[in-house]
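Have a look at the structure below, then the notes.
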């Protein structure tokens with residue numbers, strides 16, 4: 001079961017290598033985080049496929065093909081620069097980071113909270129809350145706190 | 001074409017080809033100012049005679065020191081100045097000689113000393129540059145460095161014309177610098193070299209910390225590199241992501257002008 005920092009590494013490396021698209025393990029968590037990245041505009045598409053290429057037509061996931069199932073993320077570049085510069089994990093198995101809504105407000109304002117640096121202009125933080133995997137500002141709208149999985153800029 | 005004839009006697013003199021210039025057998029009157037031969041500044045006095053304009057002439061005479069400096073480092077080509085600047089604008093620029101030190105080159109003849117200068121030039125409103133110069137004399141080295149700085153002027157992006165857009169981490173050789181964007185009224189709380197550079201650029205609020213080597217030359221070069229290349233403008237971020245960008249400070253909180 002790959003953890004969220006696996007996705008962070010794959011996405012960051014894919015952008016640095018200037019790839020067109022990358023294949024990541026097809027899990028619910030990876031799909032949820034990829035959706036947040038897509039909504040924020042870091043990647044231009046999320047689709048399912050096998051280990052070679054994304055599916056052209058819908059292919060249901062069965063025990064026969066589950067080993068080959070991948071999530072394909074289409075990466076974005078603008079002005080000869082990658083749109084995503086770095087994506088790093090915040091909460092790790094060695095040190096979990098869980099914050100309340102009031103602490104998240106500090107982060108959103110750019111101030112340090114719980115030894116985590118504040119968000120810079122254009123930076124996002126992805127956290128898992130009771131309402132699902134959300135971006136930090138979406139979580140604040142709902143007044144929800146949770147575990148901060150990763151941050152992307 | 002008339003063949004030139006050597007004037008041997010007044011009777012064999014040919015007609016002068018250039019009036020006033022060909023005077024038979026003798027030089028022209030050197031006591032008089034000649035319109036063609038004398039290129040010094042001239043003026044016509046009240047009586048109508050041509051005279052040397054001594055005020056302009058002696059004001060023009062360059063001092064001996066200036067004549068000794070090298071030609072290449074003296075002139076700042078106006079075409080090489082950025083953003084439509086002229087040489088008159090450069091007169092009002094801030095010039096700070098941040099480093100002046102004595103270096104020595106070891107040769108077979110022994111230690112050959114030389115003066116090194118690093119000068120930062122800026123208009124206090126977004127345009128600045130630095131230059132290095134070496135010469136035997138301090139004043140000449142500083143002048144060389146200033147001219148090179150004028151040639152290396154670049155524009156710097158500032159948020160609200162007072163601070164940087166976001167925090168910057170930059171490493172240059174063994175010097176690591178962390179810049180932090182700060183609110184208005186904060187001031188430039190940083191290394192003294194960075195402080196001078198910020199006043200030349202026109203950055204009013206910033207916090208910075210130098211980690212590792214604090215070598216002055218490298219701190220200055222690191223600062224220029226970081227502030228010119230590492231800033232990402234919010235508009236570019238928004239365009240890359242396909243999002244609409246709103247400056248909350250200005251739109252919702254109405255930042256004062």
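The values are calculated or read from the model by the stated rules, or taken from the named source; none is laboratory data. Not measured: the values here are computed from a predicted model. Quick reminder, even Gly has a Cβ in these numbers, built from the backbone with ideal geometry, and neighbours come from all protein chains shown.
Within the range A:98-108, is there a residue that is under 18 Å from residue A:39 (Cβ atoms) and in a loop (DSSP other than H, G, I, E, B)?
no
So, of the residues in the range A:76-87 that are out of contact with any strand residue (DSSP E or B) (no Cβ under 6 Å at 6 or more places or on another chain) and assigned to a strand (DSSP E or B), which turns out to be surrounded by the most Cβ atoms within 10 Å (Cβ to Cβ)?
A:82
Tell me whether the range B:112-128 contains one or more residues that are out of contact with any strand residue (DSSP E or B) (no Cβ under 9 Å at 6 or more places or on another chain), surrounded by fewer than 19 Cβ atoms within 10 Å (Cβ to Cβ), in a loop (DSSP other than H, G, I, E, B) and within 14 Å of chain A (Cβ to nearest Cβ).
Taking the range B:112-128 as the starting set, the residues that turn out to be out of contact with any strand residue (DSSP E or B) (no Cβ under 9 Å at 6 or more places or on another chain) are B:125.
Okay, now just the ones that are also surrounded by fewer than 19 Cβ atoms within 10 Å (Cβ to Cβ), so B:125.
Applying the additional criterion that residues be in a loop (DSSP other than H, G, I, E, B) yields B:125.
From what is left, the residues that are within 14 Å of chain A (Cβ to nearest Cβ) are none.
Scanning the range B:112-128 turns up no residue that is out of contact with any strand residue (DSSP E or B) (no Cβ under 9 Å at 6 or more places or on another chain), surrounded by fewer than 19 Cβ atoms within 10 Å (Cβ to Cβ), in a loop (DSSP other than H, G, I, E, B) and within 14 Å of chain A (Cβ to nearest Cβ).
Hey, can you tell me all the residues within the range A:1-29 that are in contact with a strand residue (DSSP E or B) (Cβ under 7 Å, 6 or more places away or on another chain) and modelled with pLDDT under 95?
A:2
Can you pull out the residues in the range A:1-30 that are part of a helix (DSSP H, G or I) and surrounded by fewer than 17 Cβ atoms within 10 Å (Cβ to Cβ)?
Hits for the range A:1-30 are A:6, A:9, A:13, A:16, A:28.
Of the residues A:133, A:46, A:56, A:98, which single one is away from chain B (no Cβ under 14 Å), surrounded by 13 or more Cβ atoms within 10 Å (Cβ to Cβ) and out of contact with any helix residue (DSSP H, G or I) (no Cβ under 8 Å at 6 or more places or on another chain)?
On the way: A:133 fails: out of contact with any helix residue (DSSP H, G or I) (no Cβ under 8 Å at 6 or more places or on another chain); A:46 fails: out of contact with any helix residue (DSSP H, G or I) (no Cβ under 8 Å at 6 or more places or on another chain); A:56 fails: surrounded by 13 or more Cβ atoms within 10 Å (Cβ to Cβ).
Going through A:133, A:46, A:56, A:98 in turn, the sole match is A:98.
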